[in-house]
1. For chain B, with only Lys/Arg (+1) and Asp/Glu (-1) charged at the beta-carbon, what is the dipole magnitude about the Cα centre, in debye rounded to 20?
2. Fewest Cβ neighbours within 10 Å first, please rank B:LEU157, B:LEU22, A:LEU56 accordingly.
3. Report, as a whole number in µm² per second, the diffusion coefficient that Stokes-Einstein gives for the protein assembly as shown at 37 °C and 0.692 mPa s using the Kirkwood radius over alpha carbon pairs.
4. Give me the Å³ per residue figure for the convex hull around the C-alpha atoms of region A:125-176.
5. Could you calculate, for region B:174-256, the ratio of the Cα radius of gyration to the Kirkwood radius, expressed as Rg to Rh?
6. Name the aspartates and glutamates eligible as straight-distance cross-link partners of A:LYS174: C-alpha to C-alpha under 12 Å, and not fewer than 8 places from it in the same chain.
7. Compute and list, largest first, the equivalent-ellipsoid semi-axes of region B:246-387 from the alpha carbon gyration tensor, each √(5λ) rounded to a whole angstrom.
8. Taking the Cα centre of region B:210-332 as origin and charging only Cβ (+1 Lys, Arg; -1 Asp, Glu), how large is the dipole, in debye to the nearest 20?
Amino acid sequence: MRKVRLATAWLDGCSGCHMSMLDVDEALIEIAKRVEVVYGPLVDAQEFPKGVDVALVEGAVSSQDDLDLIHTIRQRSKIVVALGDCAVTGNVAAMRNPHPARKLLERIYVEGAQANRGVPNAGVPALLRQAVPVQEVVKVDLHVPGCPPPARGIAYVLGELVEGRIPDLGCKVKFG
Amino acid sequence: MKKLSIHPVTRIEGHARIDIFLDDNGRVAETQFHVTQVRGFERFVEGRPYYEMPGITARICGICPISHQLASAKACDAIMAVTPPPAALKLRELVHAAQFVQSHALSFFHLSAPDLLLGFDSDPARRNIFGIIEENSELAKAGIGLRRFGQELIEGLAQERVHPGWIVPGGVNAPLRPEVREKTLAGLPVARAAADLALEVFKGALEKYQEEIAHFGSEPTMFAGLTNDSGEPDWYDGLLQFREASGALAAADIRACDYAGFIGEAALRDTYMKAPYFKPVGYPAGVYRVGPLARLNVMTAFGTPAADRELAEYRQRFGECVKSSFLYHYARLLELLHGIEKIELLLNEPSILGKHVRARASVNALEGMGMIEAPRGVLLHHYKVDESGAVRWCNLIVATGHNNLAMNHDIGEVARHFIDGNDFKEGMLNRVSALVRAYDPCLSCSTHANGMPDVVVALRSSNGELIRMVDCHH
């Protein structure tokens, strides 16, 4: 049986959704028998590959890097899952949205520094003015809320997707 | 000039890119370490009630939310001018030790073991935890089980593993249940065996990694960490010590409220991660390291028997003040062992089951600082509030930031030693990534700045429909 090609991506989030994924504990060993992880923070791929079956996306879209990556993910994946509240609603990532960004940067890198004051401007990705949920940028096939979603919910979602079914989340997950 | 990029740096916590510039002879001329995520916590928490801070700042990091909650709760304790009840202090120490165990297990087994056991030059497609599962399922199971042991204790105490709401200003919100204590005590032997196995495997492989040990950051720096009066590590409530590379004390017994006299922060142009420096020396010379390697260099002994036996061997092999950043791994494994011993000690203290676990008060001081050792190093939360308790100003100095200057230096050293542009192999770049992994950085923790708009980008859906015009920074 062909293994399902799974990618995981981490945009503007805290890694908590990825940690919750690892919190399936020993079930990871069973999952690994049916799934090949082809991209994500746990593996070494440098480029998001073509022909991905399922992409789990943690975090909001917040920087130019995030924006480029989420478009690539959409183009190269059959099913895109928004994993966790930041991907679903913007959540904590979007708490910065009401604040004028220029002042914020100066607050951190000018007022908030005692040496070499100045805003980073070389070799760092442009930051979008607002952090937005994944569905504002690309079509999302499945939303899995939670901060983070519970491990058993993630295991259920993966199990169903691996079987080629879209999971019925019902009361298995909640926001927050 | 030719440029090589590692983008993204994989098997680390956070977003980073490394650019390596080669001269015409294929030798490394320059390296740049860019941390590419920014978040904005210090600004957007302004106006929030102080008692929300443990919950909000937990979201800085999904690996070490407990560290942020504890540093935050300690800053809130200071604002309330309370000391949490004795049982609450023990429980905070306990949950902190559990977090060290799960976080260090993740760093070693899930993130770095693929390099150490499968090899830096092994097939990148298999060089990951799934490759370890295939290659050495006993070790993979031990690692997954050890991480679970820490996470289950956190869950037993706090009801959830990631971002629980249990640590609160004034203490914790529920006592330890006896069944959680029993279950954890019963799990100790297996956890201990897993830590012993990791140490055995790592020490067995040391011989293979002489070149990495010699060239993964050999530059002397200062070291910083928290200890108690006896010089033993006190991850929850120690005082900050700075030592020279020679081992001599540079500054001793610094309290959280005095941090600003010793730690300054520099902004760097090519990364969102600020660079703290030792203020008495100044920027950029005041380079110091934090985290497991630094803590072992700063302390006299662990104060627990198994970890101290291993410490004696470690110091016999590498000396009293260990410089190679490769040996962060070794130091981390010793701390893993100490964390397990610490959990046992705490669970056997009768007062740990005390029912009085929370002090209640409102705002009694307009400023508070909290300092702890996160798994990756010294973590500081500093808040100023108004009389209603709304946060008016916040500064966070996060573990990985302290290592910024040293990491930058070490990346250059590793790249210059291992990369040959005329005979390029992927494993050369992987060694540069592996240096970063040795530090176990928490890059999303380390950046809490925000963006500056002056470019406009059109957000479009995948079918090209315009969603929103968005200003971008630079």
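1. Values: 49 positive and 57 negative charges, 174 e Å.
Dipole about the Cα centre, nearest 20: 840 debye.
2. B:LEU22, B:LEU157, A:LEU56
3. After rounding, the answer is 133 µm²/s.
4. Here the figure is 122 Å³ per residue.
5. Details: Rg = 19.0 Å, Rh = 16.8 Å.
Reported Rg/Rh, Kirkwood definition of Rh: 1.13.
6. Cross-link targets: A:ASP85.
7. Equivalent ellipsoid semi-axes, largest first: 29, 27, 13 Å.
8. For this selection, approximately 260 debye.
Values quoted throughout were computed directly from the atomic coordinates according to the rules given, and no laboratory measurement underlies them. From a predicted model like this one, the values you see are computed outputs, not experimental measurements. Here Cβ is always computed from backbone atoms with ideal geometry, including for glycine, and neighbour counts include all displayed protein chains.
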